[in-house]
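Student: One structure, pasted below without further comment.
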Amino acid sequence: MSTWRFLNITAKRKIAIIGCRDYSEYGRLISQKFAYELARMGFVIVSGAARGIDSFSHKATLNTKTGTIAVLGN
């Protein structure tokens, strides 16, 4: 049985976190901290799925089990 469960993230408040792929260590730490704390406050983090700041934001959000949305560019 899968441990994944449906999260109704469309009904929650959302905030976008975007950043560059060529990041500093400070940028990595801050993006993770912001994403984690905002997710704990009930926000769904929306970002691209690019390597760098975007991916750090998604990974930090996943630790809260709140939900995250990746918008893929084309």
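Student: Using a 1.4 Å probe, what is the accessible area per residue for the chain, in Å²?
Tutor: It amounts to 73 Å² per residue over the chain.
Student: Can you give the Kirkwood hydrodynamic radius of the chain from its Cα pairs, in Å with one decimal?
Tutor: Averaging 1/r across every pair of different Cα atoms and inverting gives 12.4 Å.
Student: Using only Cα atoms, tell me the angle between helix 53-62 and the longest principal axis of the chain; keep it within 0 to 90° and round to the nearest 10.
Tutor: With both axes taken from Cα atoms, the answer is about 30 degrees.
Student: Go through region 23-37 residue by residue and turn each phi into a ³J(HN,Hα) via Karplus (6.51, -1.76, 1.60, θ = phi - 60°); whole Hz please, and just put x for glycine and proline.
Tutor: Along region 23-37, the couplings run 9, 9, 4, 4, x, 4, 4, 5, 5, 5, 5, 4, 4, 4, 5 Hz.
Student: Whose amide H sits under 5 Å from the amide H of residue 14, counting only residues 5 or more places off or on another chain, with H placed in the peptide plane?
Tutor: 44
Student: Can you pull the percent of region 15-74's accessible area that's carbon plus sulfur, 1.4 Å probe, other chains left in place?
Tutor: Percent of accessible area from carbon and sulfur atoms in region 15-74: 60.
Student: With a point put 7 Å past each Cα toward its Cβ, work out how far residue 33 is from residue 49 in nm, to one decimal.
Tutor: That separation, rounded to one decimal, is 2.9 nm.
Student: If you don't mind, another one. Could you pull out every residue, at least 5 positions away or on a different chain, whose amide H is within less than 5 Å of the one on residue 69? Hs are placed 1.01 Å off N in the peptide plane, and Pro or chain starts have none.
Tutor: Placed amide hydrogens put 45, 46, 47 under 5 Å from residue 69.
The values are calculated or read from the model by the stated rules, or taken from the named source; none is laboratory data. Just so you know, these numbers come straight off a predicted model, no measurement behind them. Cβ atoms come from the backbone with ideal geometry, glycine included; neighbour counts cover every protein chain shown. For the accessible areas, the whole protein counts, side chains as well, though only heavy atoms, and no ligand, DNA or RNA atoms are used. Shrake-Rupley method; radii C 1.70, N 1.55, O 1.52, S 1.80 Å.
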